[in-house]
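Here the structure is laid out as structure tokens; the discussion comes afterwards.
Coordinate-derived values only; no laboratory data. No experiment lies behind these values; they were computed from the predicted model shown. Every residue, glycine among them, receives a Cβ derived from its backbone with ideal geometry; neighbour counts consider all protein chains shown.
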């Protein structure tokens, strides 16, 4: 068994899309990453995070039922869980944040469980860069792969220097196209990836939402499209589900070669294509092995061709 | 030898991008399609179009030198060539038309050369739908494949009915995402493709510029990305170069199966990736066979993966 350590938020979300709106539902980067990574065999995974006393036991059970270890998930007595609320525009590609209540996240001090300090893969979900850094520093053995997800919020003062510190210590960064441009100061994604790689990570993954995802490593590039869907119902968590699929597949195979990262990108995109079909985590919670493999076959049909080079 | 009949504008363009601007240079849909299709062996191609007496012999020579038959290219005595001028915005994804002078195009009456009335593949570049229709009606044998490119301008009154007439008679339509949405009234491209297929064409190609191209046929879909480039210098003609690569490859192979259309999409995307590297037709005119094959190999690296389905 290989070990995957996941760090990120476990949260309440309230979401509004053109298709409807939800009350507080289960959300958070670590939640989506964990549910996504749970689709792979040969992986033991654990979440390091924090919630308040208001967090329902049934949500915790959803994770443990899927063999996600939550011994590193701190429950703060009398504390309130992190809450995010957002509204998507009609094109589903942009959204407004309506409310953010950090609550227990404000004083979060992550503690990596003893038996995950030698994890093979570390997946750092979007969080304060110093929290991400603290997790890396607690590892007693150098992981095969450290993957970091982050966002534009940390790419400005006063956080940018902290972000640069953690970026220096990771192997793979996953960000969206707008963030890649912000972080690098380059509009061309090819140039942006090169600038970001010089900051530390050998592998740069640029997520383009409905336009797919790019993986860069030195002079090599790989691209996987998003599966064309009849309807995108709610994009919340798609990026984290992608990251969970990517890191879960790498942990499951134990292979960090560029060729295997291509496969990981495809598995990540495949899982993300389910996530957006319903509100929040709903679709990920009902996902079957057969659905996952049959959509992987669709991905193959969508992207693979065969002709002789002239 | 298979025959490819190309119909479309041969024109003067004046282009402005963030990288610079040009005086009147060689342009037009049929020009780009012809130069792109000229990269395939086993194809005889001919252009049906019209220019004025002001059109330089050296531009005509560029086509004939590449074995493009221009006996169907009418030169109107005393007439002036179609002129288009446009300016691209900083993101290169949108542009303003600064000037359009139809000139000889206003009274264009296409005449298909006798020896191309049995062409295997007909590529109808963007033009008035009734001009496109007139070409189809001149064919004495049903072509293996009729491909139509068009634009938003024809999707509104008073042209929409004419466009629907020609769409009914073709096999493949190539339009961009915005046009697919306009033509179908559907935002989701999957749904848009289905609606458009009901109008006539079995195959719907949706071009997404830097975000690649989608091919739909019944329940099947295929996607090819645009090659990630350091710099897009001038997008003019990229869509026509794509169409020329697509139709040229189909004509070259004589195979209209869905699997071969996937290959055609890849070849079209590959050739379009060169077109945008310089102003106008400049890059297409300097293109070597080796450059084309080596970039095809890059395309393969970019998109092909290999893992066993679980």
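Quick rundown of the values:
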read-out: Conditions (1) in contact (Cβ under 8 Å) with a residue 12 or more places away in the chain; (2) under 18 Å from the mean Cα position of the chain (by Cα); (3) more than 19 Å from residue B:262 (Cβ to Cβ); (4) more than 8 Å from chain B (Cβ to nearest Cβ): number failed by residue A:263; value: (4)
read-out: Index of the failed condition, residue B:131 passing every other in (1) outside any helix (DSSP H, G or I); (2) surrounded by fewer than 23 Cβ atoms within 10 Å (Cβ to Cβ); value: (1)
read-out: Residue match in the stretch B:76-95 (condition: farther than 25 Å from residue B:292 by Cα, within 19 Å of the chain's Cα centre (by Cα), surrounded by fewer than 16 Cβ atoms within 10 Å (Cβ to Cβ) and more than 14 Å from every other protein chain (Cβ to nearest Cβ)); value: yes
read-out: Checking residue B:306 against (1) part of a helix (DSSP H, G or I); (2) closer than 22 Å to residue B:222 by Cα; (3) at the interface with chain A (Cβ under 10 Å from one of its Cβ atoms), the condition it does not meet; value: (1)
read-out: Subset of the stretch B:285-298 that is without any contact (Cβ under 8 Å) to a residue 60 or more places away in the chain and in contact with a helix residue (DSSP H, G or I) (Cβ under 8 Å, 6 or more places away or on another chain) - its residue that is surrounded by the fewest Cβ atoms within 10 Å (Cβ to Cβ); value: B:291
read-out: Candidate set from the stretch A:186-212 (those that are over 15 Å from residue B:230 (Cβ atoms) and within 9 Å of chain B (Cβ to nearest Cβ)); member that is surrounded by the fewest Cβ atoms within 10 Å (Cβ to Cβ); value: A:211
read-out: Top-ranked residue in the stretch B:285-303 [being in a helix (DSSP H, G or I) and over 19 Å from residue B:224 (Cβ atoms); ranked as nearest to the chain's Cα centre (by Cα)]; value: B:285
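Each row is one residue, and each column tells you yes or no for (1) surrounded by fewer than 24 Cβ atoms within 10 Å (Cβ to Cβ); (2) more than 18 Å from residue B:211 (Cβ to Cβ).
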{"position": "B:232", "(1), (2)": "yes, no"}
{"position": "B:251", "(1), (2)": "no, yes"}
{"position": "B:254", "(1), (2)": "yes, yes"}
{"position": "B:283", "(1), (2)": "yes, yes"}
{"position": "B:300", "(1), (2)": "yes, yes"}
